[in-house]
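For reference, the structure discussed in these notes is given below.
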Amino acid sequence: MDKVVNDFSIIVGTKNGSGSSTANTTILRAIFKMGIPVSGKNLFPSNIQGLPTWYTIRASKDGFLARREEQEIVVAINPDSFTRDLASVAPGGAFYYADDIKQPITRADIAMYPMPIKQIVRGDPSIPNDFRDLVGNMVYVGTLAQMIGIDLETIHAALSFHFKGKQKPVDMNFNMVKAGAEWAKANLEKKDPFYLEHMDKTDGLIMADGNTAAAIGSIFGGAQFVSWYPITPASSLAEAMNDYFPMLRKREDGKYTYAVMQAEDELAAIGMAVGAGWSGLRAMTSTSGPGLSLMTEFAGLAYYAEVPLVVWDIQRIGPSTGLPTRTSQADLTFANAIGHGDSETIIILPGNINECFDFGWQAFDLAERLQTPVFVLSDLDMGMNQWMSRPFEYPDKPMDRGKVLWEKDLEELKGNWGRYVDKDGDGIPYRTIPGNKHPLSSYFTRGTGHDEQARYTEDNVVFQRNMERLKKKFVTAKEYLPKSVTHMTEGAKIGVIGYGSTEAAINEARVQLEKEHGIKTSFMRVRATPFTHDVDDFVHAHEVIYVVEMNRDGQLHKLLTLAYPEAAMNLKSVAFGDGMPASAKWVREGILAKANGAHPVPTSAIARNEPSNGSKGAN
């Protein structure tokens with residue numbers, strides 16, 4: 001049996017609310033501390049507790065960190081998903097399970113490892129009864145560590161990080177880890193090929209989730225006002241700001257330089273942000289698709305009144321409540337057309353944790369430079385799961401407040417200005433901020449018809465002139481928006497376009513397509529709409545382009561088709577949205593199916609849609 005080192009997936013099946021999150025993230029962090037590239041994805045239900053939940057850990061010596069559909073090691077702690085978990089183990093894999101689960105096991109093609117979790121926990125009288133079930137999760141951590149080679153020192157370090165160095169919970173949990181490892185060493189014989197060994201590929205890196213990265217980046221970008229209403233998967237972004245604001249934004253006199261308001265709903269949240277943005281504060285809110293629906297009217301007002309603000313949309317499956325704990329990229333066309341009448345939207349699209357941080361501060365610069373709402377579209381997979389990242393870097397340039405007139409500016413102009421006058425031909429007017437003491441600084445902000453001097457009018461000619469100026473602003477925006485990330489392959493006539501968290505899966509699929517099928521591809525990850533000029537070049541440089549995204553209808557494909565109608569026949573949609581993070585398998589299969597003229601739903605979708613007691617299990 002050949003060893004498989006640092007290249008497999010582990011999935012743990014437990015119940016929501018059982019306390020397994022600490023155990024699973026401990027495994028993840030321990031592997032990371034061993035220098036092995038690793039990613040973790042939590043698949044949890046939307047109820048508070050009781051339903052099945054799965055946590056997938058992928059170790060990849062080659063640095064491929066997208067979700068992997070093959071499951072070599074499965075840990076089954078939940079009786080309700082036991083049959084499904086057993087069926088999901090890849091042939092030749094390993095199945096660890098709590099030995100008090102008395103269900104039939106009929107497979108002979110995998111290694112079986114029963115674990116006496118309850119017995120081991122009962123053997124430690126120092127553990128309070130109320131903590132036995134929670135701490136019991138650490139038994140499978142220790143067992144797994146012994147069997148696949150996770151250093152106990154790295155597990156201890158991971159626990160210390162999780163519990164912020166508090167010795168009592170660290171010791172209680174680590175004692176169970178050691179007990180599980182000692183039992184496994186004495187009682188289990190290794191029958192599978194999967195091992196972890198030290199590497200150095202995580203040196204200098206950190207692990208973080210996208211919502212935390214976005215929160216810190218926004219604070220570093222000068223965020224002053226945050227309004228929000230709780231909604232999965234966006235809540236943790238505002239919660240992280242509440243955590244970091246007191247540390248980062250406290251003056252020497254003890255006063256804070258920010259305000260965070262939990263509103264009564266999303267409509268109020270964006271309304272507050274519009275008011276704060278109008279008053280000159282760097283203002284933001286965060287939400288997901290259903291909340292974005294409620295924000296539409298105020299978003300349209302801010303577009304027309306030209307009020308800067310930032311909206312983070314952490315996308316999930318819709319519509320309405322949908323699947324709030326499943327990931328998606330299905331808000332793109334909605335966000336692109338949000339508002340009423342003829343409106344346009346600035347959207348920026350982070351594709352990794354570093355960009356969540358960078359776009360946290362860049363979004364404010366764009367909003368104030370362009371005097372318009374800026375929407376940042378992340379998703380649940382990137383926002384709530386742990387990803388490896390370079391350490392965040394403090395913004396490398398001063399804040400861009402845009403075209404703001406201060407008292408000295410108004411004195412020099414001698415009042416010769418109008419709030420909605422385009423003096424520079426770029427569509428962007430000048431503004432003043434409340435508190436400006438010059439007598440000529442004031443203007444009346446309105447969302448209804450106004451002329452260049454902000455005076456009320458219903459004159460159709462004036463209205464049309466203002467709308468044309470607004471359109472010009474979005475042409476100017478292309479010069480300020482983040483350019484796409486492009487990987488050109490010499491001789492490739494096929495291009496792939498994607499955005500956001502799909503990049504990891506796309507790049508892995510591209511390697512597989514070339515290695516297994518001889519198909520060379522170039523790749524572009526779009527980072528903004530309106531599309532920047534480099535997208536023009538990429539679209540016209542390839543004979544066929546596959547547009548990969550996590551939604552049903554190919555929303556990015558539609559926007560590209562509208563922007564480049566002359567290339568419409570060359571743009572092929574590879575869209576699939578079942579709520580699961582993108583995998584290289586469905587990207588590869590989708591491209592191959594589309595190339596052969598079939599519908600680009602990967603064959604692996606069959607396994608994902610299998611009932612929980614089906615023979616194919618959960619992929």
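Just so you know, all these numbers are worked out from the coordinates, no wet-lab data involved. Model, not experiment: these values are computed from the prediction. Please note: Cβ atoms are built from the backbone with ideal geometry, for glycine as well, and neighbour counts cover all protein chains shown.
List of remarks:
- Against the chain, whose longest principal axis is taken from its Cα atoms, helix 584-595 shows a tilt of about 60°.
- Residue list for region 204-228, given a label point 7 angstrom along the Cα-to-Cβ vector of residue 262 and an amide N cut-off under 11 Å: 228
- Whole-Hz Karplus values for region 464-470 come out as 5, 5, 5, 5, 5, 5, 4 Hz, taken residue by residue from phi with 6.51 cos²θ - 1.76 cosθ + 1.60 and θ = phi - 60°; glycine and proline positions read x.
- Restraint check, 397/558; 483/520; 33/483, Cα-Cα greater than 25 Å: 397/558; 33/483
- Taking the DSSP beta bridges with both ends in region 208-389, the antiparallel portion is around 20 percent.
- Here the ratio of the Cα radius of gyration of region 231-275 to 2.2 N^0.38 Å is 1.33.
- Relative exposure of 344, 266, judged by other C-beta atoms within 10 Å (fewest first): 344, 266
- Near residue 315, the amide H atoms lying under 5 Å from its own belong to 378, 379, 380; only residues 5 or more places off or on other chains count, and H is placed 1.01 Å from N.
- Computed from backbone phi with θ = phi - 60° and the Karplus coefficients 6.51, -1.76 and 1.60, the 3J(HN,Hα) list for region 163-169 is 9, 6, x, 6, 5, 4, x Hz; x is used for glycine and proline.
- Each residue of region 395-411 is assigned a 3J(HN,Hα), and the resulting list reads x, 9, 8, x, 4, 9, 7, x, 8, 10, 9, 9, 3, 4, 5, 5, 5 Hz, derived from the Karplus form 6.51 cos²θ - 1.76 cosθ + 1.60 (θ = phi - 60°), x at Gly and Pro.
- Of all aspartates and glutamates in the structure, the ones whose alpha carbon falls short of 19 Å from that of residue 168, not counting any fewer than 8 places away in one chain, are 124, 130, 133, 153.
- Distribution of pairwise C-alpha distances over region 192-279, 10 Å bins, in %: 14, 37, 25, 12, 8, 4, 0
- Kirkwood-type hydrodynamic radius, the chain: 26.2 Å, calculated from all non-identical alpha-carbon pairs.
- Relative contact order of the chain, pairs being alpha-carbon contacts under 8 Å that are 6 or more residues apart, as %: 13
- In whole angstrom, region 208-389 maps to an equivalent ellipsoid with semi-axes of 22, 20, 14, each derived as √(5λ) from the alpha carbon gyration tensor and ordered largest first.
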